[in-house]
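For reference, the structure discussed in these notes is given below.
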Amino acid sequence: MPRALAISHITPDGLGTLDEWLPAAGLDLDVVRAEAGERIPTALPPRYHALIVMGGGQNVDEQHDWLPRELELVERCVSQGVPTLGICLGAQVMALACGGSVGKGAAGPELGAGRVYLRRSAAADPLFAGMPMIVDTVQWHWYGIDHLPPGAVWLAGSPAYPYQAFRLGDRAWGVQFHPETPPHQVDRWTDEDANAIRAQHLVVGEVRKAGIAAARAGEVTWRPFFERFAALVAQTAQR
């Protein structure tokens, strides 16, 4: 069965729903825990057929021992046509590694649930095709992509953060939002960031409720998205 290397940046989060969804779709997973000091390779080992880079509370303008190696790994995978998926921080790493730019959002954070608007380009995309043009999903970030890498296909946006999803080449995707987040994870994030939520003049209970509702909808909305990624990896692995 095809196998992907996944990079985790926060131990309690792990891979979220992907721990279940991807193996069920035929894609086995091994995890490197960057936050625990596990060494990230700078090139994908031959036994792997895909790379997945998860989210995290870290930012790409901070000093982390693992970050230079992760940037190098992502750039190599994208340039070599390896199926690659970056989620939130992972999408920012992908954008930066491939020539884009990332910064703290001037509009403030997106927290809880957020509405994402797919662009016309998404209709022909291998992962986004067939999805509704407007979808609600979990959002939890302070930073965002300021400029897409050269040659990127812009797939989705929101009013505050225009670059919510993009594709590089035929096999690499970055998504700023959290399609993989289960309800209990939203619940914990809300507790951890309650003061930050209040600082944005938001009501903690409302952020929690909206985020959990978006996470629960992920089974219907986003599981097929990841199943399509697993199918693409399987097709690539057979070549």
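Can residue 22 be described as open to solvent by less than 20 Å² (accessible area, probe 1.4 Å), assigned to a helix (DSSP H, G or I) and of a type outside the set (Phe, Trp, Tyr)?
Working: open to solvent by less than 20 Å² (accessible area, probe 1.4 Å): yes; assigned to a helix (DSSP H, G or I): yes; of a type outside the set (Phe, Trp, Tyr): yes.
So residue 22 passes the test.
Tell me the residue from 81, 37 that is small (Gly, Ala, Ser) and open to solvent by 30 Å² or more (accessible area, probe 1.4 Å), please. Give the derivation first.
On the way: 81 fails: open to solvent by 30 Å² or more (accessible area, probe 1.4 Å).
Matching residue, one of 81, 37: 37.
Quickly run through region 159-216 and pick out the residues that are closer than 23 Å to residue 233 by Cα and in a loop (DSSP other than H, G, I, E, B).
Within region 159-216, the first condition is being closer than 23 Å to residue 233 by Cα, and the residues that meet it are 164-181.
164, 169, 170, 171, 176, 177, 179, 180, 181 - these are the residues of region 159-216 that are closer than 23 Å to residue 233 by Cα and in a loop (DSSP other than H, G, I, E, B).
Check 105, 100 and return the single one that is touching a His at 6+ places or on another chain (Cβ under 9 Å), under 26 Å from residue 10 (Cα atoms) and modelled with pLDDT under 95.
Numbers: 100 fails: modelled with pLDDT under 95.
That would be 105, the only listed residue that is touching a His at 6+ places or on another chain (Cβ under 9 Å), under 26 Å from residue 10 (Cα atoms) and modelled with pLDDT under 95.
Which one is surrounded by the fewest Cβ atoms within 10 Å (Cβ to Cβ), of the residues in region 191-214 that are closer than 19 Å to residue 17 by Cβ and in contact with a strand residue (DSSP E or B) (Cβ under 8 Å, 6 or more places away or on another chain)?
Keep residues of region 191-214 that are closer than 19 Å to residue 17 by Cβ, which gives 208, 210-214.
Next cut, in contact with a strand residue (DSSP E or B) (Cβ under 8 Å, 6 or more places away or on another chain) only: 208, 210-211, 213-214.
Numbers: 208: 20, 210: 19, 211: 26, 213: 15, 214: 26.
Out of the qualifying residues, it is 213.
Between 129, 106, 91, which is of a type in the set (A, V, I, L, M, F, W, C), under 28 Å from residue 214 (Cα atoms) and in a helix (DSSP H, G or I)? Give the derivation first.
On the way: 129 fails: in a helix (DSSP H, G or I); 106 fails: in a helix (DSSP H, G or I).
Every option except 91 fails the conditions.
Given (1) surrounded by fewer than 22 Cβ atoms within 10 Å (Cβ to Cβ); (2) touching a strand residue (DSSP E or B) at 6+ places or on another chain (Cβ under 7 Å); (3) in contact (Cβ under 8 Å) with a residue 40 or more places away in the chain, identify the lone condition not met by residue 121.
Among (1) surrounded by fewer than 22 Cβ atoms within 10 Å (Cβ to Cβ); (2) touching a strand residue (DSSP E or B) at 6+ places or on another chain (Cβ under 7 Å); (3) in contact (Cβ under 8 Å) with a residue 40 or more places away in the chain, the lone unmet condition for residue 121 is (3).
Can you tell me which of 112, 108, 86 is surrounded by 14 or more Cβ atoms within 10 Å (Cβ to Cβ) and over 17 Å from residue 232 (Cα atoms)?
Going through 112, 108, 86 in turn, the sole match is 112.
The rows are residues; the columns are (1) over 18 Å from the mean Cα position of the chain (by Cα); (2) surrounded by 22 or more Cβ atoms within 10 Å (Cβ to Cβ); (3) more than 16 Å from residue 87 (Cα to Cα).
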residue: 4; (1), (2), (3): no, yes, no
residue: 8; (1), (2), (3): no, yes, no
residue: 15; (1), (2), (3): no, no, no
residue: 18; (1), (2), (3): no, yes, no
residue: 30; (1), (2), (3): no, no, yes
residue: 33; (1), (2), (3): no, no, no
residue: 46; (1), (2), (3): yes, no, yes
residue: 51; (1), (2), (3): no, yes, no
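Note down all Cβ pairs under 9 Å where the first residue falls in region 14-39 and is among the hydroxyl-bearing types (Ser, Thr, Tyr), the second is open to solvent by 20 Å² or more (accessible area, probe 1.4 Å) and at pLDDT 95 or above, and they're at least six residues apart or on different chains.
Partner pairs satisfying both residue conditions: 17/223.
Against the conditions (1) within 14 Å of the chain's Cα centre (by Cα); (2) buried (at least 21 other Cβ atoms within 10 Å of the Cβ), where does residue 185 fall short? Just the number, please.
Residue 185 satisfies every listed condition except (1).
Which residue, of 134, 145, is in contact (Cβ under 8 Å) with a residue 12 or more places away in the chain, surrounded by 23 or more Cβ atoms within 10 Å (Cβ to Cβ) and over 26 Å from residue 235 (Cα atoms)? If you could, list the steps in order and put the result at the bottom.
Numbers: 134 fails: surrounded by 23 or more Cβ atoms within 10 Å (Cβ to Cβ).
Every option except 145 fails the conditions.
State all residues of region 154-177 that are closer than 16 Å to residue 229 by Cβ and open to solvent by 10 Å² or more (accessible area, probe 1.4 Å); if no residue qualifies, say none. Reasoning before the result, please.
Going residue by residue through region 154-177, those that are closer than 16 Å to residue 229 by Cβ are 155-156, 165-175, 177.
Within region 154-177, 167, 168, 169, 170, 171 meet the criteria.
What are the pairs, 6+ residues apart or on separate chains, where a residue within region 94-110 that is under 12 Å from residue 200 (Cβ atoms) has its Cβ under 9 Å from a residue that is of a type in the set (Gly, Ala, Ser) and in a helix (DSSP H, G or I)?
These pairs meet every condition: 109/196.
Only one of these is aliphatic (A, V, I, L, M), out of contact with any Cys (no Cβ under 9 Å at 6 or more places or on another chain) and over 30 Å from residue 217 (Cβ atoms): 44, 89, 71, 22. Name it. Spell out the reasoning first.
On the way: 44 fails: out of contact with any Cys (no Cβ under 9 Å at 6 or more places or on another chain); 89 fails: over 30 Å from residue 217 (Cβ atoms); 22 fails: over 30 Å from residue 217 (Cβ atoms).
One residue alone meets the criteria, 71.
The values are calculated or read from the model by the stated rules, or taken from the named source; none is laboratory data. Everything numeric in this text was worked out from a predicted model, so none of it was measured. When we count neighbours, we look across all protein chains shown, and the Cβ atoms used for this are built from the backbone with ideal geometry, even at glycine. To get the accessible areas, we keep the full protein, side chains included, count just its heavy atoms, and leave off ligands, DNA and RNA. Shrake-Rupley method; radii C 1.70, N 1.55, O 1.52, S 1.80 Å.
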